[in-house]
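S.K.: Below you will find the structure I want to go over with you.
The values are calculated or read from the model by the stated rules, or taken from the named source; none is laboratory data. Keep in mind that this is a model prediction, so the values were computed, not measured. Please note: Cβ atoms are built from the backbone with ideal geometry, for glycine as well, and neighbour counts cover all protein chains shown.
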Amino acid sequence: MSKKIDVYSDGSSYSQSLVKLVQELACSKCEITIHHIDEGQSMTPSIWMDGKQVDVTKYEVKKA
């Protein structure tokens, strides 16, 4: 089953690590969109799947 995944990134090393993690874990049918947001906005970094925010604190993310 394909998922629509939106990643909001401010370009920080943590955000880059999240983007890499999503790309590694997503299935081949998943639609991934990376949104580049100005640093300091409250929704970055974050991941949304099918319109629901993913709790990224559950995952160990290694900095790039």
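S.K.: What are the residues in segment 1-21 that are in a loop (DSSP other than H, G, I, E, B) and acidic (Asp, Glu), if any?
M.R.: Going residue by residue through segment 1-21, those that are in a loop (DSSP other than H, G, I, E, B) are 1-3, 10-12.
Asp10 - this is the single residue of segment 1-21 that is in a loop (DSSP other than H, G, I, E, B) and acidic (Asp, Glu).
S.K.: Just the residues that are modelled with pLDDT of 90 or more and either in contact with a Pro (Cβ under 9 Å, 6 or more places away or on another chain) or in a loop (DSSP other than H, G, I, E, B) (or both), please, taken from segment 28-42.
M.R.: Result: Ser28, Lys29, Cys30.
S.K.: Working only within segment 1-21, note down all residues that are under 10 Å from Ile47 (Cβ atoms) and in contact (Cβ under 8 Å) with a residue 40 or more places away in the chain.
M.R.: Within segment 1-21, Ile5, Asp6, Val7, Tyr8, Leu18, Leu21 qualify.
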